Structure formats: structure tokens, C-alpha cells
1. With each run of n ≥ 4 DSSP H residues scored as -39500 (n - 2.57), what mean residue ellipticity at 222 nm is computed for the chain after dividing by its residue count and rounding to the nearest 500 deg cm²/dmol?
2. With each pseudo-label sitting 7 Å past Cα toward Cβ, what's the residue 27-residue 12 distance in nm, one decimal?
3. Once you place label points 7 Å from the Cα toward the Cβ at residue 60 and residue 19, how far apart are they in nm?
4. Tell me the angle of helix 48-58 to the major Cα principal axis of the chain, expressed in degrees between 0 and 90 and rounded to the nearest ten.
5. Report, in degrees rounded to the nearest 10, the 0 to 90 angle that the Cα long axis of helix 7-19 makes with the longest principal axis of the chain.
6. For the pair residue 70/residue 50, report the inter-label distance in nm, with labels modelled 7 Å from Cα in the Cβ direction.
7. Which net charge results for the neighbourhood of residue 5, defined as the other residues with beta-carbon distances under 12 angstrom from its beta-carbon, given Lys and Arg at +1 and Asp and Glu at -1?
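Every number in this text was worked out from the coordinates using simple rules, so none of it is lab data. Owing to the predicted nature of the structure, the values given are computational and were not obtained by experimental measurement. Ideal geometry is used to build each Cβ from the backbone, glycine not excepted, and the neighbour counts take in all protein chains shown.
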Amino acid sequence: MATFQSRGRTEQALQEFRNAGFTAYSVEGLLGNGTRAFAVFLGPYTARAEVDRDRDRAQQIQGYGSGFIVQIE
């Protein structure tokens with residue numbers, strides 16, 4: 001749903017999603033330029049309809065309107 005460079009902002013996003021009733025987690029990685037980044041995800045999900053419903057609901061939270069679906073295996 002979002003990517004941040006700051007651990008603090010990541011924790012804030014996680015709390016906002018959890019307060020809204022989502023299961024949220026973050027994964028730390030490196031951007032192409034070597035900068036550390038934290039991606040915030042919702043889930044896991046087993047049904048596409050559930051994913052679509054929660055994506056639409058999560059996009060209603062201010063600041064997260066551009067979140068999108070990523071399948072992780």
C-alpha cells in the first residue's frame with residue numbers, strides 16, 4: 001500500500017492500517033539507488049475478491065489512495 005524511507009513513518013502507516021482493521025506488515029529492502037526503504041503490505045489473502053474489497057477500503061484512508069495489489073509468493 002505504501003513505501004517509506006523512514007522507520008517512523010512506516011510504523012505510523014502500520015498503525016493507521018491496523019486501527020482501520022487491516023492486517024498490515026512491512027518489509028525492508030533497498031531501492032535501485034541503494035537507499036533503504038520499507039514497503040507496507042496488507043494481508044495475506046486467499047481470495048481475489050477479498051483483496052479487491054480491502055484495497056478499495058484502504059485507498060479511502062487519507063494518503064493511501066494510490067495503493068495497489070502485488071502478489072507475493
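1. Rounded to the nearest 500, the figure is -10000 deg cm²/dmol.
2. Those two pseudo-labels are separated by 2.4 nm.
3. Going by the 7 Å Cα→Cβ label model, 1.7 nm.
4. Once rounded, one gets 70 degrees.
5. In the chain, helix 7-19 runs at an angle near 10 degrees to the longest axis.
6. Rounded to a tenth, the inter-label distance reads 2.0 nm.
7. In short, +2.
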